[in-house]
There are 2 protein chains.
Amino acid sequence: MTEATRALRSDAERTVRQILEAAERVLSRNPAATMEQIAEEAGVARTTVHRRFASRDALVGAMAAWATRRFADAVEAAHPETAPPLVALYQVTANVLRVKLDWGFAMSRALTADPEAARVHAEVEEKCERVFRAAREAGLLRADADLGWARRVYYALIHEAAQSGDGDADALATRVVDTLLRGVGTAQGLTAPR
Amino acid sequence: MTEATRALRSDAERTVRQILEAAERVLSRNPAATMEQIAEEAGVARTTVHRRFASRDALVGAMAAWATRRFADAVEAAHPETAPPLVALYQVTANVLRVKLDWGFAMSRALTADPEAARVHAEVEEKCERVFRAAREAGLLRADADLGWARRVYYALIHEAAQSGDGDADALATRVVDTLLRGVGTAQGLTAPR
DNA sequence: TGGAGTTGCATCATTGATGTTGCATGTTCT
DNA sequence: AGAACATGCAACATCAATGATGCAACTCCA
């Protein structure tokens, strides 16, 4: 590769990045936004977007792939396999929130029919599953907890925290984990544990 | 009104109902579904849908209006103003779930720029707010609970329960309220209450 | 300076969804 | 049977988004 092509490719990649980020901003507000609006937000012509991404699907696919990679990295950086369950839970939450705050739309579309993305997601899901199992065995979750439901609730709480958007990732993670484990009640006046 | 027109109007309303229900089924699976697909599901021609609803927006608006009415009725039937907070919470949850299981898409679109729907929703939101305040004063929620966050979590749990779809509305409501108040953890190994 | 590569702009073709209309065919009640 | 209305069908018009292309202008580096 010549110096020239390297520099040019760098320019091109910068443009691609700008488009991806613009698309995230626009589509997170309006998932049905047009290519024109995305191009405008990115500060480029619509034709440029089409030169970089063969189709709308290709663009969304690239966004999903990018977000999936950052997502997987965020989970891995928390060392969910080796850290104690509570620590892992907190760190994963904070790291994932950091990604989700910036790539919410892309992550919501990351479950499309892309083989690689599906593989990565399955892998992460597996890790999440293990953390929850470990948490239950460590007595962090109730012994009779439905892990499927717990995971759904966990995802939903992360989603809500990312939407509310007030506070940094660490504060939000604290709130998410606290709510997940303790709820918002005092546990008075309730039926005895099942 | 003549007998004839009454009978005909009854037929027409039956068709309208079929279209609304078909639209809910189709759009809940694919929000971008075409009028053609909706008509097919309803067992009518596409032109018939257009005769009944001037535009796609009008159709979605009618779905939202219908769901909003059922939603408001469901909340009211739980007597949230007079029942004890925990009872109110449970009854409202179960009743709303019953509606949401059938009209999930329509309810998700019920916050559009329709003046009447907006008014009804604001009213319900107000009631929800009051129930949560009463719950906190009754010691059901923690004294330092963030009511805004609690309400978001509550909505999210209802949504998840409706999506998971296993079990009847009562079982799901039990799960939702239990999770909302106690979370899924044992409260061991956590930091002391703030 | 010259070449390689990229972008913006204008333009066009295609496509799929939406919405409309006329007409023949039922259906229901009187 | 006849009136009133609804429906299916076919055809049409419209429209917006998508995607493609040719060309001039620009940037960057050798």
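Among the helices (runs of 4 or more DSSP H) contained in the range B:1-66, which hold 1 or more residues that are modelled with pLDDT under 95 and either over 18 Å from the mean Cα position of the chain (by Cα) or farther than 14 Å from B:Trp103 by Cα (or both)?
In the range B:1-66, the matching helices (runs of 4 or more DSSP H) lie at B:3-29.
Which one of these is within 8 Å of chain A (Cβ to nearest Cβ) and in contact (Cβ under 8 Å) with a residue 24 or more places away in the chain: B:Ala169, B:Ala150, B:Ala173, B:Ala106?
None of the others qualify; the one that does is B:Ala150.
Using the structure shown, decide if A:Thr15 is more than 19 Å from A:Tyr154 (Cβ to Cβ) and away from DNA strand C (no atom under 15 Å from the Cβ).
No; evaluated as a whole, the condition is false for this residue.
Note down all Cβ pairs under 9 Å where the first residue falls in the range A:66-81 and is closer than 17 Å to A:Phe132 by Cβ and outside the structural domain of A:Val131 (by TED's automatic domain parsing), the second is part of a helix (DSSP H, G or I) and at pLDDT 95 or above, and they're at least six residues apart or on different chains.
From residues that are closer than 17 Å to A:Phe132 by Cβ and outside the structural domain of A:Val131 (by TED's automatic domain parsing), there are no pairs.
Given the condition under 17 Å from B:Val60 (Cα atoms) and without any contact (Cβ under 8 Å) to a residue 40 or more places away in the chain, answer yes or no: does some residue in the range B:116-136 qualify?
yes
Taking B:Ala156 as the residue in question, decide whether it is more than 28 Å from B:Ala23 (Cα to Cα) and either in contact with an Asp or Glu (Cβ under 7 Å, 6 or more places away or on another chain) or within 9 Å of chain A (Cβ to nearest Cβ) (or both).
No.
Looking only at the range A:51-92, count every residue that is more than 18 Å from A:Ile38 (Cα to Cα) and in contact with a Leu (Cβ under 7 Å, 6 or more places away or on another chain) and tell me the total.
Total meeting the criteria: 2.
Which residues, taken from the range B:67-89, are more than 15 Å from the chain's Cα centre (by Cα), within 21 Å of B:Ala171 (Cα to Cα) and surrounded by fewer than 21 Cβ atoms within 10 Å (Cβ to Cβ)?
If the condition is that a residue be more than 15 Å from the chain's Cα centre (by Cα), within 21 Å of B:Ala171 (Cα to Cα) and surrounded by fewer than 21 Cβ atoms within 10 Å (Cβ to Cβ), then B:His79, B:Ala83, B:Pro84, B:Leu86, B:Val87 are the ones that fit.
The values are calculated or read from the model by the stated rules, or taken from the named source; none is laboratory data. All values reported here derive from a predicted model rather than from experimental measurement. Ideal geometry is used to build each Cβ from the backbone, glycine not excepted, and the neighbour counts take in all protein chains shown.
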